[in-house]
Amino acid sequence: MRKFGLIGFPLGHSFSAGYFDSKFHMENIRDCSYRNYPLTDIEELPGLIGSDPEIIGLNVTIPYKTEVIRYLDYIDPEAEKVGAVNVLKINRSDGRFHIRGFNSDIYGIRATLMPFAVEELRNALILGTGGSSKAVSHVLSEMHVHFSLVSRTVKPDCLTYRDVQTGLPAGTRLIVNTTPVGMLPDIGQKPDIRYDLLTGDHILFDLIYNPEKTAFLKAGEERGCRILNGLKMLYSQAERSWEIWNDPAF
Ligand code: NAP
């Protein structure tokens, strides 16, 4: 059996287990399984991998995407640049294992934003400064889209929510929510920006996929904006994980 799974904590509802179970069923893949491995501490990772030689691939979620890096024998340069890893590939030989780390969230963000022309995105505003904010910044940089970050706290090279109350930075076309604000169960909440300034020229991208249409996206839709949720990113990152686990090139 080739075993895959998800590490993180807590792991209440997980999209990945359902996604891969249904993929294995639909594509008649019989020798694979995928399950959740809740780890209360990332220090449990080597023990988990050592205890079951059939584990060959893992996804990593909150809160371990950065902490996991110190357990890697190899890190993909792009994942290193972003400072976050969400895919582990485990190579085994002679009873030993080597862990390779990748970031498929970047791939999912690319899949969502690449269909747009740079002129459509023009200047972007990224709400939040955590792991996925860094991945969004990386993709926008490679697309040559200028962006500003917005944080709750005053820090270098960041705007605050107070700064954006007087208006959006000139030329803003894309606004990306990388915060958890509006995620189930707090579906009535939305980031504190001036929705009244939004028009049909704006594109709102919310990384949240549950609910599929957050209060942020609803408010943008009411103002005529184009809206994108986190589902395409979610599916694309899962498929990219599968590719990484199965392609010997990785
Ligand atoms: P993270 O590393 O914890 O970063 C979230 C950032 O949001 C924080 O750094 C913080 O930035 C800001 N923030 C946190 N709580 C906030 C609050 N109450 N109000 C305003 N801002 C707040 O989390 P992440 O891994 O980047 O994930 C963020 C979101 O993306 C989650 O909702 C997650 O579900 C979603 N996500 C989706 C996918 C997908 O495939 N669709 C993949 C990964 C993540 P400041 O402190 O600077 O304000």
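Just so it is clear, none of the values below were taken in a lab; they were calculated from the coordinates. On a predicted model such as this, the values are computed, not experimentally measured, just so you know. All Cβ positions, even for glycine, are placed from backbone atoms using ideal geometry, and neighbour counts span all protein chains on display.
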*Over the alpha-carbon set of region 1-122, work out the extent along each principal axis and list the three values in angstrom, largest first.*
52, 36, 29
*Please state, rounded to one decimal and in Å, the Kirkwood hydrodynamic radius that the chain gives when every pair of distinct Cα atoms enters the mean of 1/r.*
19.2
_Once the Cα gyration tensor of region 87-131 is diagonalised, semi-axes √(5λ) in Å_ = 36, 13, 5
_Please report Rg (one decimal) and Dmax (integer) in Å for the Cα set of region 1-67._
12.2, 35
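Per the helix-only calculation at 222 nm, which mean residue ellipticity applies to the chain, given -39500 (n - 2.57) for every DSSP H run of n ≥ 4 and division by its residues, nearest 500 deg cm²/dmol? Can you show the working numbers first?
Details: 8 runs with 74 residues, N = 250.
Calculated from helices alone, the mean residue ellipticity at 222 nm is -8500 deg cm²/dmol.
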*Along principal axes, Cα extents of region 106-232, largest first, whole Å*: 34, 31, 29
_At 0.890 mPa s and 25 °C, Stokes diffusion of region 108-154 via Kirkwood alpha-carbon radius, µm² per second_ = 223
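Given a Förster radius of 30 Å and the C-beta distance between ASP31 and LYS213 as r, what FRET efficiency does 1/(1 + (r/R0)^6) yield to the nearest 0.05? The partial results should precede the final answer.
Details: r = 38 Å, r/R0 = 1.27.
E between ASP31 and LYS213, to the nearest 0.05, is 0.20.
By how many nm would the segment from ALA117 to ASP73 grow when fully extended, if each residue of separation counts as 0.36 nm and the alpha-carbon distance is taken off?
Values: separation 44, 0.36 × 44 = 15.84 nm, distance 3.76 nm.
Fully extending the segment from ALA117 to ASP73 adds 12.1 nm.
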_Just to confirm my numbers, what's the Cα centroid distance between region 179-243 and region 95-171 in Å?_
14
*Amide H neighbours of GLY182 under 5 Å, at least 5 residues apart or on other chains, H built in the peptide plane: list them.*
GLN189
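Report the local net charge at ALA84: Lys and Arg +1, Asp and Glu -1, summed over other residues whose C-beta lies under 9 Å from its C-beta. Can you show the working numbers first?
Details: positive: LYS65, LYS134; negative: ASP105.
With Lys, Arg at +1 and Asp, Glu at -1, the net is +1.
Region 189-250: Rg/Rh from Cα coordinates, Kirkwood Rh? Display every interim value, and only then the final one.
Numbers: Rg = 15.7 Å, Rh = 13.2 Å.
Ratio of gyration radius to Kirkwood radius: 1.19.
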